[in-house]
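Let me begin by presenting the structure, written as structure tokens, before commenting on it.
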Amino acid sequence: MIRYLSSRLFVFIIAFFLLTVFTFSLNFFFPGDPVTNMTGVRTFSDYYPVISEIRGADKNIAFQYINYMQNLLSGNWGASLSSGDYVFEHTYQHLFASLELIVGALVLAVLIGVPSGIFAATQFRGPIDKGVISLAMAGYSIPVFWLAQLLILFFAVKLDWLPITGQINPLYGIAPQSGSILIDIVISDSDYKAAALQDALNHLILPVIILSIMPMMLLLRLMRNATQDMLQKPYVKAARARGLNEFQVLIKHAVPNATQSVLQQVPLIFSLLLSNSIVIESIFNWPGIGNWLVRAIFERDFPVIQACVLIIALTILLFNLVVDLYRGWRFPIVRQE
Amino acid sequence: MTKAFSLLISATTILLSGCEPGTEEVTPLSEGIIYCSEGNPDTFNPQLVTSGTTVDATAAQLYDRLIDYDAEKQAFVPALAESWEPLDNGTRYRFYLREGVEFHSTDYFTPTREFNAEDVRFSFNRWLDETSLYHNVGGSYPFFSATGLDKLIQKVVKVDEMTVDIVLNNADSSFLANLATDFAIVLSAEYAQLLSVKDMPYLIDQKPIGTGPYRFESFRKDVLIRYTKHPDYWREGPGIKQLVYSITPNANKRMLKLVTGECDIIPYPLISELQALNRDDIMVTNEVSPNVSFWAFNTKKPPFDDPLVRQALSHAINRQAIIDTIYYGNAELARSILPPTSWAYDNQGIQYDYNPEKARKLLEEAGNSELSINIWAMPVQRVYNPNARRMAELMQSDLAQVGVNARIVSYEWNTFRRRLSRGEHDTVLIGWYADNADPDNFFRPLLSCAAVATGGNRANWCHPGFDQLLYEAIATTNANERKALYQSAQHILNQQLPLLPIAHSRRYQAQKKSVRGVQLPPYGGINFRLATKVTTAEESEQ
């Protein structure tokens, strides 16, 4: 386990190093002054000579990189070129707002996708299985932006049930602290917490559902195939021969082993979620990382672009690491591969 | 498995329980109004801008002026000044200030005194006096330099605590009108002093303090501005506790949000989609507003320095088609730069009707039968021009018919204006929205020689005779004389044609019927001073 752990950590660190080299070099690839791109301090500012000196703009590239890393690790990510706010302080707020959507969508996808996949496997090649699989194919192929428009039209415009932008009705006056609206409501001193929570949940429904459709369908198919594979294995036959009923065979023997191979795909699903969240956040004006990144690109706000790229990549790396470690701990076979 | 299913079921019930439309509105919702504005304000001080978005967001909400203009009565009415009188043949105006006016008390500033003459002097000197401490904070004052107010006012003198004299260099009949605009606001001198002691003077425009009906609470770029009611406002204030500007640049999304109830009021709905707002709880209003969209020729660049070329190009454009296609008929073909509602309006000049034959002939006469030009089309939607790019496309095909090859150019809005001021364009599609009722507001900020220097003169056109007429017109208070002078000025414009007026449009706005008292004065930005929200119960009683 220790060897596995250290090898995984090693891979993570290498990836992180390459990532920072990439974001560092972005400063030079972007048009304009590298120091400005790094810090958000413009060349005509009074502070520019000092900042430039500290960042070692005239020293060699290795010194600049080490300096960049020091600043990066101490949370000094510069200031936004368009608003002048410190990027780091806003990064985690945006990140938490995004994670609220992504975690919600992931949970929903697992809760619906996995059981339906197992169910479809038990009906292998039956009419129900075929129906579920065709539905999954359709759900997987619908582009998210189109699905979003469709559901907005139906649930928001036609039925007038759900709101379509932001995290909450701004009149509740919930100040952003963590960035995650549900947490912010709970820690706020609002007199209308219950109503605010309900309003926030209403705002969450559409984006979470739309975001979860694609991973849900993917999970469904993976789970169905994996479970079906397991059901063909001799040890399942043996279990049946021992007189276990179908349900016990499924839950005790087939599903746990099927999970192993599905789990391997989960990081992929997570990156899919993150990239789809950029589209969803733009459509629903969700103040998350994706929305922030898109706006920063339009405004050529390089410190923010960099922070977004870094944080998105880092989140994916970390998630990968966690899933790898979990698999290694849970399924010994993974450690031996 | 069963666990997973029960979890799933409980999760769905939680989610769905939030689904039912609320029958009763929670208090913060019934005591607040959401205005979905079309963009971020550049600053919280309208002295520094001419942008309509910033004015809508700040002027009438946060601040008061010495005097206001009542468009219905067509008269100036007292505001922070209780009364005023012209002295010394109209070269000195004395203002008697109102007692008991409180500045905003917020978590970043607590005023220790009420409004007095010091505040007026500070606010005016900020843009007037280049040596004043705050003059360079924030930079330029485009409205005041374009209208020449900074040249007109010699000094602001404090007579006593509650009396101020404004001394002019010469008599000017547009003075009071300019004073009643959204730009001539009053700031707190005490707050300014506090900030300069703290060495953070720039905060005066970011965390504003005024005397207006609302006070500043918070601003998140691209998300919202939050104002709360000023509890000690000196005159009748709003019936709501909170005013939120939800920043929504996309016009489609603004309309959607109005339908789903996430906005109470929206500016500039898409005119082509107005029938989508045909619902019981929504009301669409439009005001004839004093604006004009025009096609300005950069007269510093050949061949546009030749009036014949400008006339030829004007004959090539089918303006009626533009009005039908771009404005959906909700605009009037412009015969002059002044809208027909102005008292100085004149339409006696030559009419540049759509006539490709004549255009080609005139171009040949000018020796420019093969012409290649660019048209700069602004990237944003404005009340005077809902879709400049589409308009440019129509003009492109019109021009192609007379052998002129046009290329459409567009940049992000701030870049666009900056490059325009540098005169990089051949021709540009832009417009003007009047700040006050005086016809002068259509001429000097747009076409005077002084406006060439400030970048407001998009045609870079400087005509001494024309300028002379403008200065004569503001030097007299005799309405008939002024009218005659402005008509001669319009004649010169009509012949010289530094710009081709295209349309005078209407400003559209859509709102929930439950919102009352929001004013859209013809001159200036939206005003929420008397805004209230009626609940559904109250509504049915009425």
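The values are calculated or read from the model by the stated rules, or taken from the named source; none is laboratory data. Owing to the predicted nature of the structure, the values given are computational and were not obtained by experimental measurement. No Cβ is skipped: glycine too gets one built from the backbone with ideal geometry, and neighbour counts run over all protein chains shown. Ligands, DNA and RNA are stripped out before the accessible areas are found, and what is left, the full protein with its side chains, is counted by its heavy atoms. Shrake-Rupley method; radii C 1.70, N 1.55, O 1.52, S 1.80 Å.
Quick notes on this structure:
- Exposure rank, largest accessible area first [A:Arg295, B:Arg516; 1.4 Å]: B:Arg516, A:Arg295
- Other protein chain Cβ atoms within 10 Å, averaged over every residue that makes up A:166-176: 6
- Helix A:255-283 axis, angle to chain A major axis (alpha carbon atoms, nearest 10°): 40
- From helices alone, chain B scores -9500 deg cm²/dmol at 222 nm; the rule is -39500 (n - 2.57) for each run of n ≥ 4 DSSP H residues, then divide by the residue total.
- In degrees, nearest ten, helix A:127-141 long axis to first principal axis of chain A (Cα): 10
- A 1.4 Å probe, protein heavy atoms only, puts the accessible area of B:Asp88 near 90 Å².
- Loop-located trypsin sites (Lys or Arg not before Pro) in segment B:335-434 whose Cβ has at most 11 other Cβ within 10 Å (DSSP): B:Arg422
- Note on surface exposure: B:Glu472, B:Glu118 rank B:Glu472, B:Glu118 by accessible area, highest first, 1.4 Å probe.
- By the rule of a C-alpha distance below 20 Å, with chain neighbours fewer than 8 residues away ignored, the lysines paired with B:Lys198 are B:Lys207.
- Using the Cβ-Cβ distance between A:Ile128 and A:Ser275 with R0 set to 35 Å, the FRET efficiency from 1/(1 + (r/R0)^6) comes to roughly 0.65.
- For segment A:87-300, diffusion coefficient by Stokes-Einstein and Kirkwood Rh (Cα), 37 °C, 0.692 mPa s, µm²/s: 172
- Under 28 Å, Cα to Cα: Lys pairs in segment B:291-505, sequence gap 8 or more or different chains: 4
- Relative to the longest principal axis of the Cα atoms of chain A, the long axis of helix A:87-122 makes an angle of roughly 10 degrees.
- Ordered by 1.4 Å accessible area with all protein chains kept, A:Met223, B:Met283 run largest first as B:Met283, A:Met223.
- Helix-only arithmetic for chain A: the sum of -39500 (n - 2.57) across DSSP H runs with n ≥ 4, divided by the residue total, places the mean residue ellipticity at 222 nm at -24000 deg cm²/dmol.
- Distances between placed amide hydrogens fall under 5 Å for B:Leu168 paired with B:Arg92, B:Tyr93, B:Gln154, all partners being 5 or more residues away or on another chain.
- Residue by residue, segment B:373-389 carries 3J(HN,Hα) couplings of 10, 10, 10, 8, 10, 5, x, 10, 8, 10, 4, 7, 8, x, 7, 5, 5 Hz when phi is fed to the Karplus relation 6.51 cos²θ - 1.76 cosθ + 1.60 (θ = phi - 60°); x denotes Gly or Pro.
- Those lysines that a straight Cα-Cα span of less than 29 Å connects to A:Lys130, excepting residues fewer than 8 apart in one chain: A:Lys233, A:Lys237, A:Lys252, B:Lys3
- Along principal axes, Cα extents of chain B, largest first, whole Å: 84, 74, 47
- Shielding value for A:110-119 is 2, the average number of Cβ atoms from other chains within 10 Å of each residue's Cβ.
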